[in-house]
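Remarks on the structure that follows.
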Amino acid sequence: MASRAEYLPTHRERVVLQKLRTGTEIPARKLDPTAGGRTLSKLLAKGWIERGTSLRHYRITVQGEEALRTPIP
């Protein structure tokens, strides 16, 4: 099986991005329980999420919205 392209979010990344899509900042503890620090670090590195007003709050970026809308081949 071919590996997933970097521009496509994994299942865990999609779950987090969809929860952040509400337009408000969400604390990390209220995101998907399977999304640990590594998943959040990857999302931050890809520019799909950013820190909110607090260190443990996150919000989706425009790039994150685009990643969610990208068709999965």
### Task
Identify all residues within the stretch 25-35 that are in a helix (DSSP H, G or I) and either at pLDDT 90 or above or under 16 Å from LYS46 (Cβ atoms) (or both); write none if there are none.
none
### Summary
So, first residue farther than 11 Å from VAL16 by Cα in the stretch 54-70, second residue open to solvent by less than 50 Å² (accessible area, probe 1.4 Å) and assigned to a strand (DSSP E or B), Cβ within less than 6 Å, six or more apart or across chains; the pairs are ARG56/PRO27; HIS57/PRO27
### Query
Conditions: (1) polar (S, T, N, Q); (2) in contact with a helix residue (DSSP H, G or I) (Cβ under 9 Å, 6 or more places away or on another chain); (3) open to solvent by 100 Å² or more (accessible area, probe 1.4 Å). THR10 meets all but one. Number of the miss?
(3)
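Every residue, every condition in (1) outside any loop (DSSP other than H, G, I, E, B); (2) acidic (Asp, Glu); (3) over 9 Å from the mean Cα position of the chain (by Cα), yes or no:
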position: LEU8; (1), (2), (3): no, no, yes
position: GLU13; (1), (2), (3): yes, yes, no
position: LEU17; (1), (2), (3): yes, no, no
position: GLY23; (1), (2), (3): no, no, yes
position: LYS42; (1), (2), (3): yes, no, no
position: ALA45; (1), (2), (3): yes, no, yes
position: SER54; (1), (2), (3): no, no, yes
### Task
Give me the pairs, please: first residue somewhere in the stretch 28-44 and open to solvent by 50 Å² or more (accessible area, probe 1.4 Å), second residue anywhere and part of a helix (DSSP H, G or I), beta-carbon distance under 6 Å, and either six or more positions apart or on two chains.
THR34/ARG12
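The values are calculated or read from the model by the stated rules, or taken from the named source; none is laboratory data. All of these numbers come straight from a predicted model, not from anything done at the bench. Quick reminder, even Gly has a Cβ in these numbers, built from the backbone with ideal geometry, and neighbours come from all protein chains shown. The area values use the complete protein model at the heavy-atom level, side chains included, leaving out ligands, DNA and RNA. Shrake-Rupley method; radii C 1.70, N 1.55, O 1.52, S 1.80 Å.
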